[in-house]
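Each reported figure results from applying straightforward, stated rules to the coordinates on display, with no laboratory input. Since we're looking at a predicted model, the values are computed, not measured.
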Amino acid sequence: LGIVLAVAAATGDTLIILITGLAATAAESISMAAVAYTSTLAGEDYYRSRLQHEIDQVTNDPKSAEDDIRRIYMEKGLQGEELETIVQRITADRRVWVETMMAEEIRLFPEEGVHARNSAVVVGLASVIGSLIPLVPFMLFSVAWGIYLSLIVSLGTLFATGAIKARLTV
């Protein structure tokens, strides 16, 4: 929107506005997709490294890892025999033990269904759609009307998107 409005105010030429808007759309979409891809990979790498750290701790220093479980559940209010029963049950199964440490100690959870390529495609397409919204008024109306309508349509779209997101997530 900012680029489109700036070029519209500077030139008044619909063709230049559209070409600039499409160039910005391409650049932004590729950039956003690349960021989504690399940040998803980085998140996966971080999760795997922390998981390996917890596996190593359970394997190489089980007493410390057991103490971590005990501390976690003491902070939740458990004590005495009840606490020791919980600690014994969790530490009896390495998979449960490591998963509990990941979730309860460092608060990391596996992101199931999130893949770097899919994330890049979704973010890239969303960027294309979002970037084209301010251009549509310039395709249909004069530059003067396009400036006002582009601003109104963009703000309306942002508001509607925010309202829908709030409805779905709250």
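Angle of helix 2-11 to the longest C-alpha principal axis of the chain, folded into 0 to 90 degrees and rounded to 10: 20°. The candidate values are (1) 1.27; (2) 0.94; (3) 1.02; the one derived from this structure for Rg/Rh (Cα atoms, Kirkwood Rh) carries the label (1). How far is the Cα center of the range 1-46 from the Cα center of the range 65-110, in Å? Cα centroid to Cα centroid, the span is 47 Å.
Comparing Gly124, Gly12, Gly21 in a Gaussian network model of the chain where C-alpha atoms under 10 Å apart are linked, the largest mean-square fluctuation is found at Gly12. Across the range 153-170, rounded Karplus estimates of 3J(HN,Hα) from the backbone phi angles (6.51 cos²θ - 1.76 cosθ + 1.60, θ = phi - 60°) give 5, 5, 5, x, 5, 4, 5, 4, 4, x, 5, 5, 4, 4, 4, 6, 9, 8 Hz, Gly and Pro being marked x.
Under 10 Å, Cα contacts only: if you run a Gaussian network model on the chain, which one of Asp93, Asp68, Asp56 comes out with the highest mean-square fluctuation? Checking each option, the largest mean-square fluctuation is seen for Asp93.
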